[in-house]
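Everything on this sheet refers to the single structure shown next.
Just so it is clear, none of the values below were taken in a lab; they were calculated from the coordinates. These numbers were taken from a predicted model, which means no experiment stands behind them. All Cβ positions, glycine included, derive from the backbone under ideal geometry; neighbour counts span all protein chains shown.
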Amino acid sequence: MSTAVLNHRIKANSGANHASKASASFWFLLAVLGQFIFAITIASFYGLTALRGGFMAWNQPLPQNTVAGNTIGEVVLAGLILCATLMSVAGAFHLISRMTDAR
C-alpha cells in the first residue's frame, strides 16, 4: 500500500485574513465608542439637569412624566439612570477586556 504525503501546507489568503481582522477591529471600535457615547449622553443630560434642579426637563424623553414634589420617585429614577450609565460604561470595559484576552 502506498501513502501520499503532502509536504506543502495550503495557507489561507492573507488578504482575506487581514480584511477579516480589520472589519472585526472596526466593529469593536464602533461598539466601544457607542457604549461610551451612550453613557456620556445619559450622564450629561440627566446629570446636568439634576444638578440644576430641573427634574421637570426629564419629562421630555421619559414615557411617563415625573410629578412635581415626588422626591422619592425622583431619587429612585435618578438611581436607575445612574445604574444605566454605569452598566453602559461597564459593558464597554467588558468588551475591551474580552478583546484583549482574545489576542
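A few remarks follow.
- For region 53-75, the tally of residues that are closer than 16 Å to residue 42 by Cβ, aliphatic (A, V, I, L, M) and in a helix (DSSP H, G or I) stands at 1.
- Region 84-103 - residue that is among the charged types (D, E, K, R) and assigned to a helix (DSSP H, G or I) and, of those, farthest from the chain's Cα centre (by Cα): 101
- Complete set of residues in region 58-78 that are surrounded by 15 or more Cβ atoms within 10 Å (Cβ to Cβ) and either aliphatic (A, V, I, L, M) or under 23 Å from the mean Cα position of the chain (by Cα) (or both): 58, 77, 78
- Boolean, residue 81 is surrounded by fewer than 15 Cβ atoms within 10 Å (Cβ to Cβ) and within 23 Å of the chain's Cα centre (by Cα): no
- Of the candidates 95, 30, 51, 62, the single residue that is touching a residue at least 40 places away in the same chain (Cβ under 8 Å) and out of contact with any Gly (no Cβ under 6 Å at 6 or more places or on another chain) is 95.
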